[in-house]
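Visitor: Encoded as structure tokens, here's the structure I'll be asking about.
No value in this document is a laboratory result; all are computed from the given coordinates. Since we're looking at a predicted model, the values are computed, not measured. Positions of Cβ are backbone-derived with ideal geometry, glycine not excepted, and every protein chain shown enters the neighbour counts.
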Amino acid sequence: MDSIAVFFLAAVAVGGVAYVFVYPILSGERKAEKRVANVARAEPAARTSRGQQRSRRDVVENTLKELEERHKKSKSPSLSVRITQAGLNWSKRKFLVVSVIIGCVMFAGGLLGNAGLLPAIGLGFAGALGLPRWLLSFLKKRREAKFLAGFPDAVDIVVRGVKAGLPLLDCMKMITAEAPEPLKSEFRAIIETQAIGIPLGEACAKLYERMPLPEANFFGIVIAIQQKAGGNLAEALGNLSRVLRDRKKMKGKIQAMSQEAKASASIIGALPLAVMTLVWITSPQYINLLFSEPLGRVMLVASVVWMTMGVLVMKKMINFDF
């Protein structure tokens, strides 16, 4: 029994060391940190001698600094903010109550299924902590995908309205009347925020807090800078619309090019489960040793650990950020 425990601990230790040292290299985190450091060490642009241009540049730099600080704070949102980003109107208390109920149901299911006390406790924790938060992440990504699908058209509505002489706020009201969800609710939130006295630039910048996407951040930056420094809003938003559509095209190309790698990763990840199921159907006595013998259980746990690490590494390698 001691040798089995030593084998299990050694497998976990080797897997942890490989994850710590190999994963940053495969995922490109070190290269990203070097690029960020190079940008941070870059020399600031030379100030022009003209007072008006210098003042405009100062306003733009201050606005970008404020948005950058807000972006850093939004990287670790609270539970209530995550619920809002998922499009749910639940309170924090209701979410916690539902999580506890799911955990209790899965714990009871583990006990009734004769899985044992420790596996039942694991199922309970997974149901209370893992499943609800995974559901929030799933709903958030689905809502973001719907937002991105119609956001360039919404920006085009604003551009055409501004070129026609309409105020920016009236253009946003047109979006709340014609655009699908979640664009309608997000722009309605901007209008309601501006109605209580917050400047329109800050109200648009808050869009990124509810919809943490680079496209929403671009929109907030353009509106905030235009409100503080002035400029041709129609031209700026027109350029933004073209950038958004180009990003959408690039995303489609990347998804098309990475489908082969994703299919290969899915087959590799599902192959052990498929083989185990086929062996279970054809020769159940042969595979029962993995569940009945202590060494077999340790081998199963080690296999799950290594397969999980492999799937995570493959997922990181085939998911491209742009």
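Visitor: In region 93-190, what GluC sites (Glu not before Pro) fall in a loop by DSSP, with at most 16 other Cβ atoms inside 10 Å?
Guide: Loop-located and lightly packed - none at all.
Visitor: Can I ask one more? Whole-Hz Karplus ³J(HN,Hα) for region 248-264, in order, using 6.51 cos²θ - 1.76 cosθ + 1.60 and θ = phi - 60°, x for Gly and Pro?
Guide: Rounded to whole hertz, the list is 5, 5, 5, 4, x, 5, 5, 5, 5, 6, 9, 5, 5, 5, 5, 5, 5.
Visitor: Also: From the phi angles alone, apply the Karplus equation (6.51, -1.76, 1.60; θ = phi - 60°) to region 224-237 and give each ³J(HN,Hα) in whole Hz, x where the residue is Gly or Pro.
Guide: Rounded to whole hertz, the list is 5, 5, 5, 5, 8, 10, x, x, 7, 5, 4, 5, 5, 6.
Visitor: Over the alpha-carbon set of region 248-322, work out the extent along each principal axis and list the three values in angstrom, largest first.
Guide: On the principal axes, region 248-322 reaches 53, 23, 12 Å in Cα extent.
Visitor: Sticking with this structure for a sec: Percent relative contact order of region 133-241, based on C-alpha pairs within less than 8 angstrom and at least six residues apart?
Guide: 27
Visitor: Tell me, 80, 292 in order of fewest to most beta-carbon neighbours within 10 Å?
Guide: Arranged by neighbour count, lowest to highest, 80, 292 become 292, 80.
Visitor: Gap in Å between the Cα centre of region 261-308 and the Cα centre of region 127-148?
Guide: 29
Visitor: Based only on Cα atoms, what Rg/Rh ratio does region 83-180 have, Rh being taken as Kirkwood's radius?
Guide: Here the Rg-to-Rh quotient is 1.31.
Visitor: Sticking with this one: For each of 241, 78, count neighbouring Cβ atoms within 10 Å of the residue's Cβ, then give the residues from fewest to most.
Guide: 78, 241
Visitor: Could you tell me which residue out of 298, 318, 283 lies farthest along the dipole of region 248-322 toward its positive end? Charges go on the beta carbon: Lys and Arg +1, Asp and Glu -1, centred on the Cα centre.
Guide: In region 248-322, that residue is 318.
Visitor: Then there is this: Residue-wise, which Karplus ³J(HN,Hα) couplings in Hz belong to region 144-158, taking 6.51 cos²θ - 1.76 cosθ + 1.60, θ = phi - 60°, and x for glycine or proline?
Guide: My calculation for region 144-158 gives 5, 5, 5, 5, 5, 5, x, 5, x, 5, 5, 5, 5, 4, 5 Hz in order.
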